[in-house]
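The structure appears below as structure tokens.
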Amino acid sequence: MKLHLLDRASHTDGSFTVNHNNYPHFLKIWHYHPEYELVLILKSSGTLFIGDSIEKFNIGDLVLIGKNLPHMWLNDEIYFDDSSDLEAEAIAIHFGESFLGEHFFQAPEMKLISKLFERAKFGVSFLDLDPNLVLKIRDLVKLETFNRTIGLLEILHDLAKHASFHKLCSSGYISSFQKKELKEVDKIHEYVFENFQKPISVKDLADLANMNPSSFSRFFKRTHRKTFTRYLNEVRIGYACKLLMENSGNITEVCYTSGFGSISNFNKQFRLIVKMSPSEYIQFHT
């Protein structure tokens with residue numbers, strides 16, 4: 001799965017873009033861009049791949065993605081069926097860190113928003129949203145340029161004060177991705193996201209990074225603060241959680257579809273990572 005640089009810069013009379021998108025499905029590309037991305041999901045469901053994390057997304061979700069953070073919004077398989085009449089609808093806002101000037105967000109009045117930008121490095125999913133905030137985002141599309149700018153600042157300020165959120169990808173991923181000398185790390189994540197449903201060995205990744213297996217294991221643990229095996233299991237369990245919410249009736253099928261070779265190991269890793277069994281997880285989400 002190749003990582004693409006997409007152009008999200010404004011080419012109009014504004015310094016940022018606000019788009020009301022409505023497609024059969026979202027763009028199926030693992031990509032990044034130097035702009036921040038704020039997305040409100042109006043219709044559709046699927047999986048958000050962001051950094052080293054896999055998250056289920058659904059109607060009403062609001063996510064802020066930091067600059068140059070690789071991600072992909074992947075709709076559920078049914079959206080790609082030729083006979084499907086489903087729609088993927090969202091409001092997407094893209095803005096550069098200096099869209100109001102290089103030092104604008106360094107002003108004391110912008111302190112809270114600056115902290116929000118720091119959190120956005122990991123990707124942020126906002127929970128328990130105020131309906132008025134959602135309405136502000138929806139109405140942003142209708143505003144002319146000056147009021148749209150004021151509106152975006154108000155939205156960012158509201159989000160900066162919003163207490164209910166969770167970060168999406170790990171600090172280990174961020175620190176490694178930002179180091180130019182560690183470009184191998186992103187190749188590794190691309191490979192894992194493309195192949196986690198199949199057997200993957202440390203040697204496979206070591207070859208990709210042009211290292212021997214023992215050097216690769218040390219390198220991975222140093223940059224991610226976890227072993228590669230733990231990371232791979234977390235990716236697989238994250239995907240399994242998505243499947244269990246969609247198809248709660250067949251734990252065995254979810255086990256093998258997620259890349260595990262045995263139901264016993266699947267149950268063990270699920271409990272280790274999620275802190276409950278797959279059946280308990282199903283009951284918790286139904």
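For the stretch 258-276, give me each residue that is without any contact (Cβ under 8 Å) to a residue 60 or more places away in the chain, surrounded by 14 or more Cβ atoms within 10 Å (Cβ to Cβ) and polar (S, T, N, Q).
Asn267, Gln269
List pairs: first residue in the stretch 237-257 and more than 10 Å from Ile282 (Cβ to Cβ), second residue surrounded by fewer than 16 Cβ atoms within 10 Å (Cβ to Cβ) and at pLDDT 85 or above anywhere in the structure, Cβ distance under 7 angstrom, at least six positions apart or on different chains.
If the second residue must be surrounded by fewer than 16 Cβ atoms within 10 Å (Cβ to Cβ) and at pLDDT 85 or above, the pairs left are Leu243/Thr257; Thr252/Ile263; Cys255/Ile263; Thr257/Gln197.
Could you run through the stretch 23-50 and say how many residues are in contact with a Ser or Thr (Cβ under 9 Å, 6 or more places away or on another chain), more than 16 Å from Phe117 (Cβ to Cβ) and not in a strand (DSSP E or B)?
Adding up the residues that qualify gives 3.
I'm trying to understand the selection: among the residues of the stretch 126-161, which are touching a strand residue (DSSP E or B) at 6+ places or on another chain (Cβ under 7 Å) and loosely packed, with under 15 Cβ neighbours inside 10 Å?
Listed by number, the residues that qualify are Leu127, Arg138, Val141.
Among Gly96, Gly66, Gly123, which is the only one that is more than 30 Å from Leu243 (Cα to Cα), buried (at least 16 other Cβ atoms within 10 Å of the Cβ) and in contact (Cβ under 8 Å) with a residue 12 or more places away in the chain? First the steps, then the outcome.
Details: Gly66 fails: more than 30 Å from Leu243 (Cα to Cα); Gly123 fails: more than 30 Å from Leu243 (Cα to Cα).
Going through Gly96, Gly66, Gly123 in turn, just one is more than 30 Å from Leu243 (Cα to Cα), buried (at least 16 other Cβ atoms within 10 Å of the Cβ) and in contact (Cβ under 8 Å) with a residue 12 or more places away in the chain: Gly96.
The values are calculated or read from the model by the stated rules, or taken from the named source; none is laboratory data. None of the values given here were measured: they were computed from a predicted structure. Note that each Cβ is placed from the backbone with ideal geometry, even for glycine, and that neighbours are counted across all protein chains shown.
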